[in-house]
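I have placed the structure first, in the form of structure tokens, so that the comments after it can refer back to it.
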Amino acid sequence: MTSDHPATLTVVGIGADGWAGLGGTSVSALMSADVLFGSPRQLDLVPAEVTADRVTWPSPLLPALPGLLEAHHGRRIAVLASGDPMFHGIGATLVRLAGAGRVRVLPHPSSVSLAAAALGWPLADVDVLSLVTAPVEALHRLVNPGRRILVLSAGAETPARVAGLLRDRGYGTATVEVLEHLGGPGFRRVAGTAGGWPDPDVDPLNVVAVDCGPGPATSLVPGLPDATYDGDGQLTKREVRAVTLAVLGPVPGELLWDVGAGSGSIGIEWMRAHRTCRAVAIESHPGRAATVRANAAALGVPGLRVVEGRAPDALAGLPTPAAVFIGGGVTRDGVVDACLAALPAGGRLVANAVTVESEAVLAGWYAKLGGELTRVAVQRGSPVGGFTGWRAMMPVTIWSLVTG
């Protein structure tokens, strides 16, 4: 069947209970469709009385989507999605591609809602992580004493990987429970502890529930202990880091450039401030760049992008930042200029200096553009014989500016 009207795109959420679990509106949308998109498993849930042409998703899917929609222009398109299409699902992708005005979404309870109901967990108090699109290291950011986490699995191997990460983090007593085929006749629960995970055969269609229980805590506030980071000493120290990040002011969804990243601490703690914060770490030393990647994974922000190269050349082509931190390279010609040029109106630039020469550069920019100039001097107590004395760290000069 074809028609002259523009393509109508309806996304229908369907659960493991299949056709029997659909409401009347969803059934009507599928019955009236000209073409039906979905995975083989989803298409098998729809009875033969639905006469639409059936199209199995290609792999990889995202690059093929525009062409698929264009190929069926003018037809009534129905798309099958697991659970709630707008929760880590194809619905959100289609809205971005076609626009909200062209997409009608008919949700089904998500696997997260079904899992919370089965466990008796208040969903508002639970952290949710999808490992379909993120590596397992992203779980590090959520693990803390007493926290409950629902993990959307990438497959049958996910529960064992989750248990291994928890065990390595010192959460061997954490409860790990696998919930298979939520909402369907094949629903099953398999429970154990992270330290004694039996690694049973599990269905790829599962959600992993984690009850952390007791274990070592990791603060979400900027200024993690210096020992948290591996590296060769190129690290913005804890006290200065906390002040620097306060001046940078992470905002959800914003992008930071961390220029001269060293051990990566500024970019990492920027991203830990909110799950949607993004950062690019620019580091010219290959060994340090590798350390940045390892530190980011260990602290739950494996999505930190690392660019190996020297500013200002390495900055070319990077996405526009909302904020820039210059932790190294302020004395190099063109670095501050390039960072300022990249910032939009209202963007924030923060640069730190510990040498006389770099301080002079920041003083010059302050005299030229204004902003704020701050010096931070930190002393830490340390043993002096049988007593305790103060040992001064190198003072740090911080220049910050909001662009006009």
Review point. Thinking of the chain as a set of Cα atoms, what percent of all their pairs are more than 31 Å apart?
Key: 52
Check your understanding: Modelled label-to-label distance, Val354 and Ala20, 7 Å Cα→beta-carbon offset: nm?
Key -> 6.7
**Study point:** Computed over the chain: relative contact order in percent, which uses C-alpha pairs under 8 Å that are six or more apart
**Key:** 11
Check your understanding: Between Val378 and Leu123, what is the FRET efficiency for a Förster distance of 56 Å, r being their Cβ-Cβ separation, to the nearest 0.05?
Key -> 0.85
Study note, to complete from the structure: Treating only Lys and Arg (+1) and Asp and Glu (-1) as charged, each at its beta carbon, one finds that the chain has a dipole about its Cα centre, in Debye to the nearest 20, of 700
Review point. Nearest 10 degrees, 0 to 90: what angle lies between the long axis of helix 286-298 and the longest principal axis of the chain (Cα atoms)?
Key: 50
Check your understanding: Of Leu340, Leu373, Val207, whose Cα points farthest to the positive end of the dipole of the chain (charges on the beta-carbon: +1 Lys, Arg; -1 Asp, Glu; origin at the Cα centre)?
Key -> Leu373
Exercise for review: Arrange the following residues from fewest to most other Cβ atoms within 10 Å of their Cβ: Arg348, Arg375, Arg189.
Suggested key: Arg375, Arg189, Arg348
**Study point:** For the stretch 196-292: relative contact order, % (alpha-carbon pairs under 8 angstrom, 6 or more apart)
**Key:** 25
Practice item. Hey, can you grab everything whose amide H is under 5 Å from the amide H of Ser39? Only 5+ residues off in sequence or another chain; H modelled, so Pro and N-termini drop out. Key: Trp57
Study note, to complete from the structure: Across Pro344, Pro60, Pro135, the residue with the highest GNM fluctuation in the chain (Cα network, 10 Å cutoff) is Pro60
Exercise for review: Starting with the fewest neighbours, write out Ser219, Ser265, Ser382, Ser400 ranked by other beta-carbon atoms found within 10 Å of each beta-carbon.
Suggested key: Ser382, Ser219, Ser400, Ser265
**Study point:** About the Cα centre, charge dipole magnitude for the stretch 112-211 (Lys/Arg +1, Asp/Glu -1 at Cβ), debye
**Key:** 200
Practice item. For the stretch 112-156, calculate the relative contact order in percent as a whole number, restricting contacts to Cα pairs under 8 Å that are 6 or more residues apart. Key: 47
Check your understanding: Which order do Met31, Met86, Met394, Met271 fall in if you start with the one that has the fewest other Cβ atoms within 10 Å?
Key -> Met394, Met31, Met86, Met271
Check your understanding: Where a ≥ b ≥ c are the square roots of the eigenvalues of the C-alpha gyration tensor, would you call the stretch 8-108 rounded, which needs a/c under 1.5, or, failing that, prolate if a/b is larger than b/c, or oblate?
Key -> rounded
Practice item. About the Cα centre of the stretch 203-266, how large is the charge dipole given +1 on each Lys and Arg Cβ and -1 on each Asp and Glu Cβ? Please answer in debye to the nearest 20. Key: 260
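No lab work stands behind these numbers, since they all come straight from the coordinates. Keep in mind the model is a prediction, meaning the values are calculated, not measured. Neighbour counts run over all protein chains shown; Cβ positions are idealised from the backbone, glycine included.
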